Amino acid sequence: MNETLKVIKERRTTRKFKAEQIKEEELQAIIEAGLYAPSANNQQSWNFTVIQNAELLEELNIEAKAAAKNIPNEFMQKMANNDKFNAFYGAPTIIIVSGNEEGMMSHVDCAAASENMLIAAESLDIGACWNGFIGILFSSEKGKEYKKKLNIPEDFVPYYAIVLGYKGVRVTSAPERKANSVQYIR
Ligand SMILES: Cc1cc2nc3c(=O)[nH]c(=O)nc-3n(C[C@H](O)[C@H](O)[C@H](O)COP(=O)(O)O)c2cc1C
């Protein structure tokens, strides 16, 4: 198996991080990987907001959990009501990924960029978690306030975040992949 295939297969969601900040050159390499993703009609309809301020991360964690308490979903409410649950698992960096509301396929462009960033992180032995939880905050009334506070451009919609940091745990086993997801017609 070549190195690319190995990294893709070995990437796992990290849910425990060291507090130590990742190096600037590592962050820039991960962002560059995101920027080099394919996009519909080359619109590059993404926008990234890097947050490395510990106080703001804690504030976003608290606000996302508060917003999740109003979601009619038992699993979400359980997380929201768990004092020990940190939406970012103690990671020192998050990248909020926002899509241009005028884009042809902004959700898809952003997902391609996000996966590129996850793969790039794994290639550098940096842990990463695709974090949809913060999306609950941005979908709530308070989300508008945070969109402004975080300087997310007006014509962009914040979807989710990529959480990054040095691995506090090494996950070696992958959740089982569903069978019968591929049909061949030859
Ligand atoms: C759109 C999306 C949103 C996700 N949101 C979260 C999240 O909020 N919190 C979390 O811990 N994991 C989240 N994940 C990670 C998935 O739970 C994880 O990818 C899945 O369980 C498979 O595990 P693996 O990434 O190790 O292969 C998300 C993944 C995707 C693609």
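Run down 65, 69, 6 and say which single residue is over 15 Å from residue 128 (Cβ atoms), within 12 Å of the ligand (Cβ to nearest atom), surrounded by 12 or more Cβ atoms within 10 Å (Cβ to Cβ) and free of Cβ contacts under 8 Å to residues at least 24 places away in the same chain. Outline the logic, then answer.
Numbers: 69 fails: within 12 Å of the ligand (Cβ to nearest atom); 6 fails: within 12 Å of the ligand (Cβ to nearest atom).
Result of the check over 65, 69, 6: 65.
Return the only residue of 70, 86, 82 being assigned to a loop (DSSP other than H, G, I, E, B) and either among the aliphatic types (A, V, I, L, M) or closer than 22 Å to residue 141 by Cβ (or both).
Result: 70 is the single residue among 70, 86, 82 that is assigned to a loop (DSSP other than H, G, I, E, B) and either among the aliphatic types (A, V, I, L, M) or closer than 22 Å to residue 141 by Cβ (or both).
With respect to residue 113, determine if the residue is closer than 29 Å to residue 3 by Cα, more than 14 Å from the ligand (Cβ to nearest atom) and either among the aliphatic types (A, V, I, L, M) or in contact (Cβ under 8 Å) with a residue 12 or more places away in the chain (or both). Please lay out each step first, then the result.
On the way: closer than 29 Å to residue 3 by Cα: yes; more than 14 Å from the ligand (Cβ to nearest atom): no; either among the aliphatic types (A, V, I, L, M) or in contact (Cβ under 8 Å) with a residue 12 or more places away in the chain (or both): yes.
Spelling it out, it is not the case that residue 113 is closer than 29 Å to residue 3 by Cα, more than 14 Å from the ligand (Cβ to nearest atom) and either among the aliphatic types (A, V, I, L, M) or in contact (Cβ under 8 Å) with a residue 12 or more places away in the chain (or both).
Of the numbered conditions (1) within 15 Å of the ligand (Cβ to nearest atom); (2) under 23 Å from residue 145 (Cα atoms), residue 54 fails exactly one; give the number of that condition.
Among (1) within 15 Å of the ligand (Cβ to nearest atom); (2) under 23 Å from residue 145 (Cα atoms), the lone unmet condition for residue 54 is (1).
Table: residues versus (1) part of a loop (DSSP other than H, G, I, E, B); (2) away from the ligand (no atom under 11 Å from the Cβ); (3) exposed (fewer than 10 other Cβ atoms within 10 Å of the Cβ); (4) not charged (D, E, K, R).
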{"site": "165", "(1), (2), (3), (4)": "no, yes, no, yes"}
{"site": "177", "(1), (2), (3), (4)": "yes, no, yes, no"}
{"site": "182", "(1), (2), (3), (4)": "yes, yes, yes, yes"}
{"site": "185", "(1), (2), (3), (4)": "yes, yes, yes, yes"}
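Which residues, taken from the stretch 1-55, are part of a loop (DSSP other than H, G, I, E, B), modelled with pLDDT of 95 or more and hydrophobic (A, V, I, L, M, F, W, C)? Can you show your working first?
The initial filter retains those residues of the stretch 1-55 that are part of a loop (DSSP other than H, G, I, E, B), namely 1-2, 11-12, 14-16, 18-23, 36-39, 43-45, 52-53.
Those left that are additionally modelled with pLDDT of 95 or more: 2, 11-12, 14-16, 18-23, 36-39, 43-45, 52-53.
Of everything in the stretch 1-55, those that are part of a loop (DSSP other than H, G, I, E, B), modelled with pLDDT of 95 or more and hydrophobic (A, V, I, L, M, F, W, C) turn out to be 19, 22, 37.
Considering only the stretch 142-163, state which residues are touching a helix residue (DSSP H, G or I) at 6+ places or on another chain (Cβ under 7 Å) and part of a helix (DSSP H, G or I). Break it down into steps so the answer makes sense when it comes.
Here is the first cut: in the stretch 142-163, the residues touching a helix residue (DSSP H, G or I) at 6+ places or on another chain (Cβ under 7 Å) are 142-143, 146-147, 158-162.
Result: 142, 143, 146, 147.
The values are calculated or read from the model by the stated rules, or taken from the named source; none is laboratory data. None of the values given here were measured: they were computed from a predicted structure. Quick reminder, even Gly has a Cβ in these numbers, built from the backbone with ideal geometry, and neighbours come from all protein chains shown.
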